[in-house]
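Below: one structure, written as structure tokens.
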Amino acid sequence: MKSGYKIRWTKHALNELGQTIRYLEKNFSEKEIKRLVQRIESTTEVIARNPKLYPKSEKKDIRRAVVLKYNTLYYRIKQDTVEILSFFSNRQNPRKRKMR
């Protein structure tokens, strides 16, 4: 097993993450935001060590990791890098999911 893959967030995934944070700031407490950030960090650490741990999604070569009940990371492995394609809010209609 490799000692670690680089994690790279796409602009699209960062935009989705920003939207989620803004939503939490308006509707929830700082505690929920901190919990989400901690779970993102721990999930990306696991992915960096073993990116094939999480199952493949319905799209070829894209994997999905549920961060919390309402949020899922979609990513793909490109050589020594894991590219985070989407930080999807599971409250949305799945048809809105885009991977860029």
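Is it fair to say Leu24 is part of a helix (DSSP H, G or I), at pLDDT below 95 and aliphatic (A, V, I, L, M)? It would help to see each step written out before you state the result.
Numbers: part of a helix (DSSP H, G or I): yes; at pLDDT below 95: yes; aliphatic (A, V, I, L, M): yes.
Yes.
All but one of (1) exposed (fewer than 15 other Cβ atoms within 10 Å of the Cβ); (2) hydroxyl-bearing (Ser, Thr, Tyr); (3) in contact (Cβ under 8 Å) with a residue 12 or more places away in the chain hold for Ser29; which doesn't?
With (1) exposed (fewer than 15 other Cβ atoms within 10 Å of the Cβ); (2) hydroxyl-bearing (Ser, Thr, Tyr); (3) in contact (Cβ under 8 Å) with a residue 12 or more places away in the chain applied to Ser29, the lone miss is (3).
If you take the residues in the stretch 55-68 that are in contact (Cβ under 8 Å) with a residue 12 or more places away in the chain and not in a strand (DSSP E or B), which one is surrounded by the most Cβ atoms within 10 Å (Cβ to Cβ)?
Top of the filtered list is Ser57.
Suppose we keep only residues that are over 13 Å from Thr44 (Cα atoms) and among the polar types (S, T, N, Q) within the stretch 55-77. Which one would you say is modelled with the lowest pLDDT?
Per the stated criteria, the residue is Ser57.
Just to be sure before I move on: is Glu83 at negative phi, of a type in the set (D, E, K, R), assigned to a helix (DSSP H, G or I) and at pLDDT 95 or above in the structure I sent? First the steps, then the outcome.
Numbers: at negative phi: yes; of a type in the set (D, E, K, R): yes; assigned to a helix (DSSP H, G or I): no; at pLDDT 95 or above: yes.
In short, no.
Let me spell it out: the conditions are (1) under 14 Å from Asn71 (Cα atoms); (2) without any contact (Cβ under 8 Å) to a residue 40 or more places away in the chain, and Leu17 meets all of them except one. Which number is the exception?
(2)
The values are calculated or read from the model by the stated rules, or taken from the named source; none is laboratory data. Owing to the predicted nature of the structure, the values given are computational and were not obtained by experimental measurement. Cβ: placed from backbone, ideal geometry, glycine included. Neighbour counts: every protein chain shown.
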